[in-house]
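Let me begin by presenting the structure, written as structure tokens, before commenting on it.
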Amino acid sequence: MRIGLDVMGGDFAPDAVIEGAVDALPLFAEGDRLVLIGDLAIINNKLEDLGTDPSHFEIVHASQVIEMGDSPSKAFTHKPDSSIVVGYKLLADKEIDGFCSAGNTGAMLVGASHTVNVIPGVLRPALAALVPRLDGKRSILLDAGLNPDCKVDVLAQYGVLGTIFAKNVLGVENPTVKLLNIGSEESKGTPMVKAAYELMKENPNINFGGNIEANELFAEGMAEVVVCDGFVGNIVLKETEAIYHLFKKKAANMNDPFFESFNFETVGGTPVIGINANVIIGHGVSKRKAIMNMIKQTCDVVRIDLAQKIKESV
């Protein structure tokens, strides 16, 4: 197993990324490699500061950085030796088995769609976010921000992609799929949501359970897969982060496992599903712990080869 890590991406890169990489070393068995992609001199200097032998990693030099404010599509053309572009080239050439970055999200999505490409049969890829539940388990929310404006057939297919994810990542044999809506009744929602409901209801490949309301998202056993467009999904994802930070500020001494499950650092990143490779996108403000967990999540999806599972099932 070879995992590529964009060392230069993120608000706290490269220091926090390299620190997280060092923390992630115990995740790698003999023969596995964590491939650090970025400025060689910067990486070696930081590893020396940390007292870590560079030989524990493979280092691939990349002389350029796609900044957070760069135009994603232009950056791929104008910065061909950036850490993100180099990482995707390694992934496309199968020199690494998975790639993760906390860098420019748009650039990561451009690479996902145009370098490793969408799986044939998948209408549009999606971001699959893990959402905490009161029973200590997690549900999958998709799309979490990749496609703000989905067509009906795309929204319905997310139920299939989410089912594959839940079976292989969460280990749920027959996951319940629900459509995020403003009411539980079949008649509720926009024309697009109601049309998607009809398609999902008739699909024998998913265990469709109807609509789910936002106030039920974190409840026990309501659904393993929650489907929505990327506009709604990203709002939900950002709100879960806001809940955590709000209560952390108001109740600093709170120590509750469910509350802590809202902390994005414990998850690390969000998989892009529906493309021909295993890619994880981390939060731009990721620090040491979040980077380590982003690498861990990348290892997890590579070990089960989630991309291949989706290819076989679509």
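Every number in this text was worked out from the coordinates using simple rules, so none of it is lab data. The structure displayed is predicted, hence computed values, not measured ones. In this analysis, Cβ positions are derived from the backbone assuming ideal geometry, glycine residues included, and neighbour counts consider all displayed protein chains.
Please state the charge dipole magnitude for the chain, taken about the Cα centre, from unit charges on C-beta atoms (+1 on K and R, -1 on D and E), reported in debye and rounded to the nearest 20.
Approximately 380 debye in magnitude.
At R0 = 35 Å, how high is the FRET efficiency between ASP305 and SER187 if r is their beta carbon distance? Nearest 0.05 is fine.
E between ASP305 and SER187, to the nearest 0.05, is 0.30.
Between ASP32 and LYS289, with labels modelled 7 Å along Cα→Cβ, what's the label distance in nm to one decimal, could you check?
So the label points at ASP32 and LYS289 sit 2.2 nm apart.
Skipping prolines and chain starts, which residues have an amide H placed within reach, meaning under 5 Å, of the one on GLY282, given they are 5 or more residues away or on another chain?
SER101, ALA102, GLY103, THR270
Do the sum for the chain: with -39,500 (n - 2.57) for every DSSP H run of n ≥ 4, divided by all residues, what is the mean residue ellipticity at 222 nm, to the nearest 500 deg cm²/dmol?
Here the helix-only value at 222 nm equals -12000 deg cm²/dmol.
Using the Karplus equation 6.51 cos²θ - 1.76 cosθ + 1.60 (θ = phi - 60°), what ³J(HN,Hα) coupling, rounded to whole Hz, does each residue of the range 71-79 give in order, writing x for Gly and Pro?
5, x, 5, 5, 4, 5, 7, 8, 10
So if R0 is 22 Å, what FRET efficiency would ALA41 and LYS248 give, r being the distance between their Cβ atoms, rounded to the nearest 0.05?
Between ALA41 and LYS248 the formula returns 0.05.
Considering only ILE66, THR176, HIS114, whose Cα is most displaced toward the positive end of the charge dipole of the chain, charges sitting on Cβ of Lys, Arg (+1) and Asp, Glu (-1)?
Final value for the positive-end residue is THR176.
Would you indicate which of (1) 1.24; (2) 1.13; (3) 0.99 is the value of Cα Rg over 2.2 N^0.38 Å derived from the coordinates of this structure?
Correct label is (3).
Tell me, what is the percent relative contact order of the range 80-186, built from C-alpha pairs under 8 Å that lie six or more residues apart?
On the way: 86 pairs, mean separation 16.5, N = 107.
Worked out over the range 80-186, it gives 15 percent.
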